[in-house]
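*Asks:* My questions all concern the structure below.
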Amino acid sequence: MKESVIAAIDSAVGAGARQRKACEMVGISPRTLQNWRSGGTEDKRKGAAKNVVRKLTDDEREQILRLCTS
């Protein structure tokens, strides 16, 4: 998604549009565009990909639901 936004903005700027206006059209700031270009487009938020160790299996969850609804 971010790669396509960057490409669209680059295309618009190449056609003569101002970068600031192109960014406004897609709903991001020029600073966000700069960050995407310099730091990559992957999600770097803390906790973006979580692996819950004690998560119930589907079978365990189903057993609990059956018990609660009986």
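*Asks:* Can you pull out every residue in segment 53-70 that is of a type in the set (Ser, Thr, Tyr) and part of a helix (DSSP H, G or I)?
*Replies:* Listed by number, the list holds a single entry, THR69.
*Asks:* Please identify the pairs in which a residue from segment 16-30 that is more than 13 Å from LYS2 (Cα to Cα) has its Cβ atom under 6 Å from the Cβ atom of a residue that is of a type in the set (Gly, Ala, Ser), counting only partners at least 6 apart or on another chain.
*Replies:* ALA22/ALA12
*Asks:* What number of residues within segment 11-27 satisfy the criterion of being open to solvent by 80 Å² or more (accessible area, probe 1.4 Å) and on the phi > 0 side of the Ramachandran plot?
*Replies:* Residues meeting the conditions: 0.
The values are calculated or read from the model by the stated rules, or taken from the named source; none is laboratory data. Nothing here was measured: the structure is a model prediction, and the numbers come from that model. As a convention, Cβ positions derive from the backbone with ideal geometry for all residues, glycine included, and neighbour counts pool all protein chains shown. The area values use the complete protein model at the heavy-atom level, side chains included, leaving out ligands, DNA and RNA. Shrake-Rupley method; radii C 1.70, N 1.55, O 1.52, S 1.80 Å.
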